[in-house]
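> Got a structure here, written out as structure tokens. Questions coming.
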Amino acid sequence: MRLIIVIAIVLGLGYSCKNDSSESVVSVNGRQLLVNNKPYLIKGICYHPVPKGSDQRSFNSLTQDLALMKEAGINTIRVYAPIDDKAVLDEIYATGLKVIIGFGYNQNGKFDILSGTFIDYVNRYKGHKAILMWELGNEYNYHPEWFNDDIKNWYKALNDAADVIHQHDDSHPVTTAHGDLPDETALAMCSGVDVWGMNVYRWDNPETIFPEWETVSEKPMYLSEAGADSYMTIEKEGYGQGVNQEAQAQANASILEDVFNNTNICSGVTLFSFTDGWWKAGNLDIQDPGGWAPNSSGVPYDGSPNEEYWGIVDINRNKKQTFHVVKRAYNGLK
């Protein structure tokens, strides 16, 4: 009798695990992103939490951050480097969020594309229910100098990496964060990309990219970055110079409206970003205006990316005006 009970328990556990696995299947159908065969709209945020005085990512504030994200209606986190900590992924999933895992090209052999070790991470975590997509690169098309001055070298590496992932994982799509609209070369060389992410800074109206995408591809797309910072380098468009949360809030309201008015083409957005990053432009212990990013003249409303002021919350997790904009937009969606 005891043996029968043990066998029944083992079989029951096996059945339960099988069901758990089936609950994490992400796929694409036409222009739609699906989770468990149901349309999934990304209400997301870019997340790279670096504490004050540091230049390294830390998840020490994860519980507080996830509570704020949940309040804001966020369902997806986009990270720029793999999270090699099951406890962190477990907490993200337990909060009801999914994560887009980004892989860099050359990260000194640490889960990167150049060394091929990215696939070790994929194989380790592909069964985790927090995973939404695997993302290869972040607007590398702006940096041909990283690839012997020939961006085709990157596109080949990107497509080869996508093919490797497909060989090992059929439950999660491959995406990339391309700088704005990919051209014919990118699309032709990267057929293995299932969902195209695009970092789009076209002032406060990214809507022009959706009909452009519709004419060149039938695949899903989402805005892997969009948004505004809360510092005006100059007075412009009626917004005063200096710290200006109102300008950021208004810009993000317009951007999110454009995104969610075009869900027939766009699968959502991971707004940039969750928290201010004091590590990006100067002294690690203070918040510095300034900074630089490629192709950034479209940053509203001053055309200048003040790199340390992009958060919807500040470094101490105080909500900015734009937090409430995001909360209304995300929670107002069905």
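The values are calculated or read from the model by the stated rules, or taken from the named source; none is laboratory data. Computed from a predicted model, the values in this text were never measured in an experiment. Cβ atoms come from the backbone with ideal geometry, glycine included; neighbour counts cover every protein chain shown. To get the accessible areas, we keep the full protein, side chains included, count just its heavy atoms, and leave off ligands, DNA and RNA. Shrake-Rupley method; radii C 1.70, N 1.55, O 1.52, S 1.80 Å.
> Which of (1) over 28 Å from Asn75 (Cα atoms); (2) modelled with pLDDT of 95 or more does Asn252 not meet, given it meets every other one?
All conditions pass for Asn252, except number (1).
> Any chance you could count how many residues in region 307-334 are among the aliphatic types (A, V, I, L, M), open to solvent by less than 10 Å² (accessible area, probe 1.4 Å) and in a loop (DSSP other than H, G, I, E, B)?
The first filter runs over region 307-334 and keeps only residues among the aliphatic types (A, V, I, L, M), leaving 312-313, 315, 325-326, 329, 333.
With open to solvent by less than 10 Å² (accessible area, probe 1.4 Å) added as a condition, the list becomes 312-313, 326.
If we keep only those that are in a loop (DSSP other than H, G, I, E, B) too, we end up with 312.
Number of matching residues: 1.
> Turning to a different aspect of this structure: Given the conditions (1) within 17 Å of Phe323 (Cβ to Cβ); (2) buried (at least 17 other Cβ atoms within 10 Å of the Cβ); (3) among the charged types (D, E, K, R), report the number of the one that Glu246 does not fulfil.
Unmet condition: (2).
> Would it be correct to say that Ser254 is of a type outside the set (A, V, I, L, M, F, W, C), assigned to a loop (DSSP other than H, G, I, E, B), without any contact (Cβ under 8 Å) to a residue 60 or more places away in the chain and surrounded by fewer than 23 Cβ atoms within 10 Å (Cβ to Cβ)?
Numbers: of a type outside the set (A, V, I, L, M, F, W, C): yes; assigned to a loop (DSSP other than H, G, I, E, B): no; without any contact (Cβ under 8 Å) to a residue 60 or more places away in the chain: yes; surrounded by fewer than 23 Cβ atoms within 10 Å (Cβ to Cβ): yes.
No: the conditions fail for Ser254.
> While we're on this one: Identify all residues within region 87-122 that are assigned to a helix (DSSP H, G or I) and either in contact (Cβ under 8 Å) with a residue 12 or more places away in the chain or of a type in the set (Val, Ile, Thr) (or both); write none if there are none. Can you show your working first?
So the first thing to find is which residues in region 87-122 are assigned to a helix (DSSP H, G or I), and the list is 87-94, 118-122.
Those that are assigned to a helix (DSSP H, G or I) and either in contact (Cβ under 8 Å) with a residue 12 or more places away in the chain or of a type in the set (Val, Ile, Thr) (or both): Val88, Leu89, Asp90, Glu91, Ile92, Tyr93, Phe118, Ile119, Tyr121, Val122.
> To continue, here is another question. Among the residues of region 226-251, count how many are in contact (Cβ under 8 Å) with a residue 24 or more places away in the chain and outside any loop (DSSP other than H, G, I, E, B).
Taking region 226-251 first, the residues in contact (Cβ under 8 Å) with a residue 24 or more places away in the chain are 226-234, 236-237, 239, 243, 245-251.
Applying the additional criterion that residues be outside any loop (DSSP other than H, G, I, E, B) yields 231-232, 236, 239, 243, 245-251.
Qualifying residue count for the region: 12.
> For Leu181, which of the numbered conditions (1) touching a residue at least 40 places away in the same chain (Cβ under 8 Å); (2) aliphatic (A, V, I, L, M); (3) more than 22 Å from Asn123 (Cα to Cα); (4) not in a helix (DSSP H, G or I) fails to hold?
Every condition holds for Leu181 apart from (1).
> I've got another one for you. Residues in region 58-68: is at least one within 24 Å of Trp154 (Cα to Cα) and buried (at least 19 other Cβ atoms within 10 Å of the Cβ)?
Taking every residue of region 58-68 in turn, none turns out to be within 24 Å of Trp154 (Cα to Cα) and buried (at least 19 other Cβ atoms within 10 Å of the Cβ).
> Scanning region 187-210 for residues that are closer than 24 Å to Leu34 by Cα and in a helix (DSSP H, G or I), which turns out most open to solvent (accessible area, probe 1.4 Å)? Break it down stepwise before answering.
Let us first name the residues in region 187-210 that are closer than 24 Å to Leu34 by Cα, namely 187, 190-200, 206-207, 209-210.
Then keep just the ones that are in a helix (DSSP H, G or I); that gives 187, 206-207, 209-210.
Working: Leu187: 41, Pro206: 3, Glu207: 87, Ile209: 0, Phe210: 2 Å².
Restricting to residues being closer than 24 Å to Leu34 by Cα and in a helix (DSSP H, G or I), the top hit is Glu207.
> While we're on this one: When region 292-306 is examined, which residues are found to be touching a Phe, Trp or Tyr at 6+ places or on another chain (Cβ under 9 Å) and either polar (S, T, N, Q) or open to solvent by 30 Å² or more (accessible area, probe 1.4 Å) (or both)?
Asn295, Ser296, Ser297, Ser304, Asn306
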